[in-house]
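The values are calculated or read from the model by the stated rules, or taken from the named source; none is laboratory data. All figures in this text were calculated on a predicted structure; none of them were measured in a lab. Note: ideal-geometry Cβ built from the backbone for every residue, glycine included; neighbour counts use all protein chains shown. Accessible surface areas use protein heavy atoms only, side chains included; no ligands, DNA or RNA. Shrake-Rupley method; radii C 1.70, N 1.55, O 1.52, S 1.80 Å.
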Amino acid sequence: EKDGYPSFMEKEIHEQPRAVADTLLGRNDSHGKLTLDELRIDESILRSVDKIIVIACGTSAYVGQVAKYAIEHWCRIPTEVELSHEFRYRDPIVNEKTLVVAISQSGETMDTLMAVRHAREQGAKVLAICNTNGSTIPRESDAVLYTHAGPEIAVASTKAFLAQITASYLLGLYLAQLRGNKFQDEIKTILTDLAAMPEKIQAVLDHEQQIKDLAVSMKDVNSVLFLGRHVGFPVAMEGALKLKELAYIHAEGFAAGELKHGPIALIEEGQPVFVVVPSPNGRDSLHAKVVSNIQEVRARGAKTIVIAEAGDEAVRQYAEHVFYVPATSTLLAPLLTTVPLQIFACALASEKGYDVDQPRNLAKSVTVE
Ligand code: M6R
């Protein structure tokens, strides 16, 4: 059932173009209008929402951070992201105008389920983004937007992550459409960009050997850092989490802007640092800022491994290794930049002889608080 792959994880990494395509399927008509009929929350309620809180754990919580950037930009609705277990036990401010979005691959994560119950008790509407039909979290929520990644067997989440990100973009675009704000043209462009994603993810997978070779050459490292800005920040944290989970290597993801506030003290000769670089054609000076972060760590001896957009020549001179991904709009980049980090962690752990499908101490769904 592994279809010839050495692990479920590798199989699932390769199923990502399909997971994203299936999650998009049937949710966008030919005129660039989104239809999320299944949502079942009254449109007037969705129009009156004045705050969104995303609750989730682990990898699903990183989806929440990507969703925050996208939803706030497209919908101008204040959006918070909180780990379910923190949300539940801190007396959060939630009311009838709050939309709580619970993201869970399994739909059985106890921390998230308890947070869902708490939010509903306070009068909030809860929308679940979930990959498992009929599981507890969607059953206990007001509405559900299913991801169609198919069953995810490996403990480490990969294809569900990309499908969840896709679903949260759909939610953001849908709310923006519903509320008729000024971003309607951008929404059309984004929908076109989204439709092209499965092909672009496949293009990243087609070049996986480069990142696998790198992983093999780094099998004896004992610490890896990951840097990103904007939506690249949660991608950096996801890259670090994958490496911890699978290869049992100390890894940390930082917001690149935070470097000078402390983490740069960790950099010494030979320290591997992955940097997720935004598109040079994106907004503001995001790209220039990240390039200068690469220079800062390099000047202190870091071995820099850069994930950048195809054609970005500016990063080459500061990078030990560059891995290029196809161009897309800034907010959608996580669907591409995460993939090499997944491949890296999986290949490095396999090279160390570890069981990537069943890492030590972990369970696929955490059904205890
Ligand atoms: O099923 P859920 O999405 O609620 O699971 C949340 C986390 O337990 C999960 O994402 C975990 O962090 C994975 N092991 C990540 O690879």
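General observations
- Filter result (assigned to a loop (DSSP other than H, G, I, E, B) and touching an Asp or Glu at 6+ places or on another chain (Cβ under 7 Å)) within region 154-186: Ala154, Val155, Ala156, Thr158
- From the list Lys188, Lys182, the one residue that fits, being away from the ligand (no atom under 16 Å from the Cβ), touching a residue at least 24 places away in the same chain (Cβ under 8 Å) and open to solvent by 10 Å² or more (accessible area, probe 1.4 Å), is Lys188.
- Scanning region 45-81 for residues that are more than 16 Å from Phe233 (Cβ to Cβ), without any contact (Cβ under 8 Å) to a residue 60 or more places away in the chain and of a type in the set (D, E, K, R), we see that the one that is nearest to the ligand (Cβ to nearest atom) is Lys51.
Rundown of residues vs (1) out of contact with any Cys (no Cβ under 9 Å at 6 or more places or on another chain); (2) within 22 Å of Ala19 (Cα to Cα); (3) among the acidic types (Asp, Glu), yes/no style:
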{"residue": "Asp284", "(1), (2), (3)": "yes, no, yes"}
{"residue": "Val290", "(1), (2), (3)": "yes, no, no"}
{"residue": "Gly311", "(1), (2), (3)": "yes, no, no"}
{"residue": "Tyr318", "(1), (2), (3)": "yes, no, no"}
{"residue": "Leu332", "(1), (2), (3)": "yes, yes, no"}
{"residue": "Ala345", "(1), (2), (3)": "yes, yes, no"}
{"residue": "Ser365", "(1), (2), (3)": "yes, yes, no"}
{"residue": "Glu369", "(1), (2), (3)": "yes, no, yes"}
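- Selected residue (criterion: farthest from Gly58 (Cα to Cα)) from residues of region 253-286 that are of a type outside the set (Ser, Thr, Tyr) and without any contact (Cβ under 8 Å) to a residue 12 or more places away in the chain: Asp284
- First in region 345-369 and more than 18 Å from Leu83 (Cα to Cα), second anywhere and more than 10 Å from the ligand (Cβ to nearest atom) and charged (D, E, K, R), Cβ under 7 Å, 6 or more apart: Cys346/Glu10; Ala347/Lys212; Leu348/Lys219; Glu351/Lys219; Lys352/Lys219
- Looking only at region 127-143, and only at residues there that are part of a strand (DSSP E or B) and within 14 Å of the ligand (Cβ to nearest atom), the one that is surrounded by the fewest Cβ atoms within 10 Å (Cβ to Cβ): Ala128
- Any hit, region 21-40, residues being open to solvent by less than 10 Å² (accessible area, probe 1.4 Å), of a type in the set (A, V, I, L, M), closer than 24 Å to Ile190 by Cβ and assigned to a strand (DSSP E or B): yes
- Residue match in region 314-322 (condition: in contact with a strand residue (DSSP E or B) (Cβ under 6 Å, 6 or more places away or on another chain) and among the acidic types (Asp, Glu)): yes
- Boolean, Val221 is in a helix (DSSP H, G or I), touching a residue at least 24 places away in the same chain (Cβ under 8 Å) and open to solvent by 10 Å² or more (accessible area, probe 1.4 Å): no
- Hits in region 88-111 - residues which are closer than 19 Å to Lys51 by Cα and either within 13 Å of the ligand (Cβ to nearest atom) or in contact (Cβ under 8 Å) with a residue 60 or more places away in the chain (or both): Val101, Ala102, Ile103
- Evaluation of Leu341 against (1) touching a Ser or Thr at 6+ places or on another chain (Cβ under 6 Å); (2) within 27 Å of His230 (Cα to Cα); (3) within 15 Å of the ligand (Cβ to nearest atom) (one fails), failing number: (1)
- For Asp142, the conditions (1) more than 19 Å from Ile52 (Cα to Cα); (2) more than 21 Å from the chain's Cα centre (by Cα); (3) not hydrophobic (A, V, I, L, M, F, W, C) are fulfilled apart from (1).
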